[in-house]
Structure formats: C-alpha cells, structure tokens
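Below is one structure, written out as structure tokens, with a few remarks after it.
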Amino acid sequence: MDPHIDPNATPAGPSRRAFLQSGGALVVAFALPASGRAAVAGATALSAYVRIASDNRVTVVCGSSEMGQGVLTAIPMLVAEELDADWALVGVEQAPVDQAYNNPMFGMQATGGSTTVRANWLPMRQAGAAAREMLVAAAAAQWQVDASRLSTAQGVVSGPGGKKASYGSLVAAASKLPVPAQPKLKDSPAFKLLGKPTRRLDTQAKSNGSARFGIDAQVPGMLVAVMARAPAAGAKPKLVNEAAAKAVKGVRQVINLPSGVAVLATGYWAAKQGRDALAVQWDLGAAATLNSAAISELLDQGAREADAVALDRGNPRDATATATKTLDARYEAPYLAHACMEPLNCTAWVQGDSVEIWAGTQSQGPAQGILGQVAQVTPAKVKINTLLLGGGFGRRFAPDFTIDATLLSKLSGKPVKLIYTREDDMAAGFYRPPSVVRFSGALDEQGSLTMLKAGVGSPSIMAGSGFMQIPANGVDAMALEGLVDHPYDIPNQRIAYGRQEPGPQVWFWRSVGHSQNGFFTEGFIDEMAAAAGKDPFEFRRTLLAKSPRHKAVLELAAQKAGWGQPLPKGVARGIAVVSSFGSYVAEVAEVSLGADGTPRVHRVVAAVDCGMTVNPLTIERQIEGAIVYGLTAALYGKISFKDGRVEQGNFHQYPMLRMNEMPKVEVHIVKSSEAPGGVGEPGTPPIAPAVVNALFALTGQRVRTLPIAAAQFRKA
C-alpha cells in the first residue's frame, strides 16, 4: 500500500506539565502520560513521535516544517530505520505546537539553518529504537521467552519456533510498558533504509493536488485581505481614498494597521481591486532620501573603518612589509529578496480568548507566543496549523504576515486570509543584507599567501532579528560567517566588522552570511592565485593541508569536472569551495559568454560531504535547488532603492533563472562516517564564485560586484 501523508492531522501529544516535570525533551518524547498513549484514529501512540495502527501502519509525527527540503520523508526514515518498520506502511503528519517537538539545536519549534536532520539524527532514531524495544518486550512477555531471542524486520517481531507477531497486534500491550531510557541504536553498517535513495512521502499528494499549502486554507465565512503596505519603516499614510475602496463590489472593511492599510473582501480579486482603489499617498519621513548609491557608500565606510575584530592572527603589517606582491580588492553584494513562489499568506481566526491560524511558517514555537501577545490571549490558547510551504528560504521564519492576519481577524471579528501580492512581497523588507568587503592580501617570493585582511561593512541580522543580541565585541557572526571561518591556512590575518544600518529590515536568506561571504572569499582567493601565477585549484589545495574535508570535496569536484582537460572554444571553468551548516561543498562551473555579454552556465559539478546521509535523492535535489537559487542571485538578484522605495515589483524586474538557462548539474556525495551536516543551504555559496572565477579564466576580467553585469563583457 502507498505511503500516506497528512500534514493537517493533529496527533496526541505530551502535556506541557509532563514536559516540565521530565527535565528534558528526549525523556518527554518517550515518557508520555497514559492519556498521551490513547488510540488516535485506530492507532496507539508509543511516543510523541510514533503511532502504530492494528493494520501495522506507522505514523511518524514531524515537528519541522516542509518547504521542499524533504523533512516529511527524512524524519520518518530516521524513525523507521530503528523501528524496523515496513517502509511501505509508514506515513507522516505535521506536529502541533508543543515543546516536545522543539528543534534541539534551536531550543524552540522552528525550522531553518539546515538543522532538521542534524538536530534529530539521534532523537528520532532513539524514538524508533525505543518503540521497537517496547514491541519486542511485549512479544517476549506474550511468548514467555527472553527478549534477546527475538528479532524484528518489516514491522514484525519473530521468535523461536517460527513465532511471529505484527507490530499492530503488539502495540496495545507495548504502550503499557516502561519506555527504555537508553535504547540501543544500530551501527551504520546495519542500516537498511538510511543512506539509500528513497522516494519522498509527499510526492503523490503534491502531484495530485491533495497537499495543502498555506494559501489553500479555507475557513467558513472568512474574508480575504490585501494590504497597502507601508513602503518603508516609519512611513505613514497621508491620503487614503477609503470610499473608493468600499465602492468595489465585495469589499467589506478597510482597516488601518501599523504596517499599512488593509482591505477585507469576499475574495482575493475584490480585495486587491479595493486595495488599489485606496490610492494611498505616503509620507516616507526620513526614508524618502534612501537610495542604493548612498547605501553602497555607507557600507563602504563600514568596510574601511571596520574595528570590531573577529580574527587577529600573526602580524599582518609585517607580512605586508616583507611581501613580494600585494593585492587590494573591493567586493559588494546587494540586498536580496527571498522570492518564494507561494506568496506570503496566513489565515487567522480570533474568537474570544483563542486564536487559530493556518499558515506555512518556519517558526511555530515563537509564533505561538507572539500571536498570544498580539491577540492578548495566553500562548496555550493559540493553535497553529502548519501547512506546506511553497518556499521558505528563511523568509517564513519572520512573523509579519502572521501578526497582521491575526490583528485583522481580531479587529474585524471574522476569520481572515491575508495574502501578499508579489509586489507586496518584494517591497516588504526582510532582505538578505547588502555587504561590502575590502580585502588586502600578500604573497611571499614562493607565491604563498602569507597575509589576509578583510573589513566588512554590513547591517546586522542579529540586531534586526528581535531575538538575538550582538556580543560585547561588536561582531555580528552572521555578517562574517564564511569569511572569518574560511579554511585556508594563512599565518597572518585580521578580519573585522563595521556595522552600518541603512534602514531596510534585514533577515535570514538561504545560507545567510555564507551567501555573500563565500562569493567574496572564493573570489579573492582566486585573485591571489592569479597574482601568484598558480592554477586556482592547485593554489587552494596547498592552502587546505590542514582542512582535509574541504580538500577532499575540492579534489573530487575537480576530478569529476575534468579540471585541466580541454574545453570547447569560448568555454572556461571556475572552482570554489565553501563549508556551511556542518557540510562541505565544492563546485566547478563551466561558463561561456553570449554575444551580448550575458554569461551562460553550461555545467556545474558539485561534490558534497554532509557526513552520514539519510536520503541521497534529497541531497542531490537540494544541492541542485541551491545551485539554481544561488545562480539566480548571481546573474539577476538585486533589490535597489530610489527615493525611499524599492524599485523591483515583480519577476520582470527581479528575474528567476529560466528552464532554458538551467545548467546540467552533477552531484557527487562523499561517503562519510562523520556526524550529519545540513544540505538545504550549503550548495548555494559556492556557485557565484565558481561562475565569476570561470569568467576570469575566460576573459581576464574580474567580477567583484553582484549581480554580474553583462555590460562588463559586452563587445564594443
């Protein structure tokens, strides 16, 4: 029978009291009170994560959000491996909000930072192993034999004399037994499911249209809201044609919020027409003079004056004085939007002292507390239905769309579905920070890199997040990740941060600081290789003697790409290697130029070491997707400002990589026994530098600013 998925079902979960009394999330996940093990839809719960029905169907409850990265398959695989379940009978459903489902790396129920598998590698396997031992113990008691004489496979316990019992027949008795505190886990050579290519559990539902995304939520009597959003922080409406909006057929209410003016109607089109009819004129205040040129200069000042020192090693001044050759370079990356394919949306219903929302959100745990404050109810009275996300990339970690939907429901007295138009989404803030870095490098007479200095000017995600603080040394770690922790063995270094805040809200974007700093670092290392007169691959290898995992993926990517072998005329290769989120990725890009100077990427070869693997198919697809995302940003991505407003409105001004532009991608996975790393984000940082380094090999011209300007390569 086909695997099933129900992201909307609500499983029986542990009480908060049980959690607090247990003293630890892992214990709680197993030590449910009796009421928590009650049958649900014909199934019996063995833990917060596992239910087994009499027909041997296993349902795994997943606390992470599914936004295409495959967690609704990975989490069940972790459980099923140790449970020895029949994979054909394993299904998954989305967890409610409860501390038992907290991300162990975050300490809250939230999804991001490529953490789901890393954080749950042990807890989910332990959940499966504990359930298996309980089932074995139940069979041993029934047959009056020692548990050590029993074995499990495909959802069946087997014993001496040919005895067999299905999990479904044992689960009721097993649920009454003590939960093992330290269940025995398999050694990796014994894995039958983990590490094997496995079809995703959500493919069928997404293919036949039964899967529910946030925008699919329907509540009887709901209104649809579209907002005239404030175009800048602090902007206030000075003229609003509310009468014109209310004259639109289907419009029911116009509501003012701190973030803008909302029109509530019986459907989306009426709400949008009503919103447009508002014809809001805005007082932008101090933001009226914001423009991209001034932002660039402000960040450049931060880079020149950077004094929050993150790394100070050796003596860069002396190394510069004795150098045979030195090089200075300035790199820049712009604001970027997340541009999720599913527009941001949230359906909320505030009824008396309770709130219920339906949304694709990456941050259920924080949202419960935030929305409790918004609606002035206790957090326990906030129910969050996590639906599928049509792209997240960090954007759906932000609370803005859930806050406004909740406010609109509270003020209107109706259930409200708030939908951002694409233009609203582009202009709503929460961008990848822009950044400028000023590099200095020095080579000795052997061509060895002896000194690296970098000053970075950028706004702070930590400060802008609302839940993190910049440490006393003034260094925002996210502004420097991928740079301060680069793998190269350079004896003299100084890397510093110069915070500058142009104004627009910044946020986490796929691979966060690595996205720009991978481009910066790998671009400049390539420049130093050229200055030394050395092959960029060999130059890196020499500097990676103390970083074996970086070196291994670099060598594998180069080998699989045929580094050094001839290419067709007009095509060149570039290479880059970046580690992020516990994984190591090297990429080689083969690039040519069109007659108008537009780069064309024909092939990308990626090598990834993400430690022990769950599903190789997911890894390949995530690396491919990360390359598409990063290549789109390298070729096209830019949010710019003029007279206080965002200049990009829709995809004609913020293009995506099209199908006919997609390169052939090869993904090679390093077999590893190391702890699992992330895969959702690490494939993004190396692609931009690999492409620009190929362009240098092809033309002799450096690209130091993204997106790549075709005009730079256009023939006169």
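Where a number appears in this text, it was derived from the coordinates with a stated rule and is not lab data. Quick caveat: nothing in here was measured; it's all calculated off a predicted structure. For neighbour counting, all protein chains shown are included, and Cβ atoms are generated from backbone atoms with ideal geometry for every residue, glycine included.
Compared with the alpha-carbon gap, the fully stretched path from Ser210 to Leu239 is longer by 6.1 nm at 0.36 nm per residue. The stretch between Gln376 and Lys196, if pulled fully straight at 0.36 nm per residue, gains 60.0 nm over its current Cα-Cα span.
Rg and Dmax of the chain, based on Cα coordinates, read 27.3, 88 Å.
Hydrophobic, long helices, defined as DSSP H runs whose alpha-carbon span along the helix axis is 15 Å or greater and whose mean Kyte-Doolittle value is at least 0.0, occur in the chain at 71-83, 116-143, 292-304, 364-375, 400-412, 616-635, 687-699. Looking at the chain alone, DSSP beta bridges between its own residues are antiparallel in about 70 percent of cases. For Leu556, neighbours were defined as the other residues whose beta-carbon sits under 14 Å from its Cβ, and their charges (Lys and Arg +1, Asp and Glu -1) total +2. At full extension, Thr699 and Lys186 could sit 179.3 nm farther apart than now, given 0.36 nm per residue minus the alpha carbon distance.
Which percentage, to the nearest 5, of the DSSP beta bridges contained in the range 310-437 is antiparallel? Beta bridges within the range 310-437, antiparallel portion: roughly 70 percent. Both radii were evaluated on the Cα set of the range 649-716; the Rg over Rh quotient, with Rh as the Kirkwood radius, amounts to 1.06.
Which of the listed residues, Ser65, Asn473, Gln701, is farthest toward the dipole's positive end in the chain, when Lys, Arg count +1 and Asp, Glu count -1 at the beta-carbon? So the residue we want is Ser65.
Charged side chains reduced to their Cβ positions (Lys and Arg at +1, Asp and Glu at -1) give the range 251-379 a dipole of some 240 debye around its Cα centre.
Using only side-chain charges placed at the Cβ, +1 for Lys and Arg and -1 for Asp and Glu, the dipole size of the chain relative to its Cα centre rounds to 960 debye. With the Cα gyration tensor of the range 525-634 giving a ≥ b ≥ c as the square roots of its eigenvalues, does the rule (a/c under 1.5 for rounded; else a/b larger than b/c for prolate; else oblate) give rounded, prolate or oblate? Judged from the Cα gyration tensor, the range 525-634 comes out oblate (a/c at least 1.5, b/c at or above a/b).
Among the listed pairs Lys238/Lys414; Lys238/Lys642; Lys417/Lys638; Lys246/Lys410, those with a Cα-Cα distance over 23 Å are Lys238/Lys414; Lys417/Lys638. The range 255-321 and the range 40-83 have their alpha-carbon centroids 42 Å apart. For the residue pairs Lys272/Lys383; Lys163/Lys192; Lys325/Lys534; Lys325/Lys569; Lys569/Lys664, alpha carbon separations beyond 25 Å are given by Lys272/Lys383; Lys325/Lys569. Counting every pair of alpha carbons in the range 255-342, the share spaced more than 23 Å apart comes to 61 percent.
Charge tally for Val585 (other residues, Cβ to Cβ under 11 Å; Lys, Arg +1; Asp, Glu -1): -2.
In the chain, Cα pairs under 8 Å separated by at least six residues give a relative contact order of 13 percent.
Its residues counted as N, the range 450-586 yields a C-alpha radius of gyration over 2.2 N^0.38 Å of 1.18. Per-residue Karplus couplings for the range 460-472, computed as 6.51 cos²θ - 1.76 cosθ + 1.60 with θ equal to phi - 60°, are listed in order as 9, 5, 4, 5, x, 5, x, 9, 10, 10, 5, x, 4 Hz, Gly and Pro entered as x. Sites listed here are trypsin sites (Lys or Arg not before Pro) in the range 585-664 whose DSSP assignment is loop and whose Cβ has at most 13 other Cβ atoms within 10 Å: Arg658. Per-residue 3J(HN,Hα) values for the range 202-214, derived from phi via the Karplus relation 6.51 cos²θ - 1.76 cosθ + 1.60 with θ = phi - 60°, read 9, 5, 4, 5, 6, 7, 9, x, 7, 5, 10, 8, x Hz in sequence order (x marks Gly and Pro).
Where does the charge balance sit around Ala545 when Lys and Arg score +1, Asp and Glu -1, over other residues with C-beta under 14 Å from its C-beta? Taking every other residue near Ala545 into account, the sum is +2. Distance between the 7 Å Cα→Cβ label points at Met662 and Ala141: 5.3 nm. Which of the three applies to the range 192-351, rounded, prolate or oblate, going by the alpha-carbon gyration tensor with a ≥ b ≥ c and a/c under 1.5 meaning rounded? Oblate, since a/c reaches 1.5 and b/c is not below a/b.
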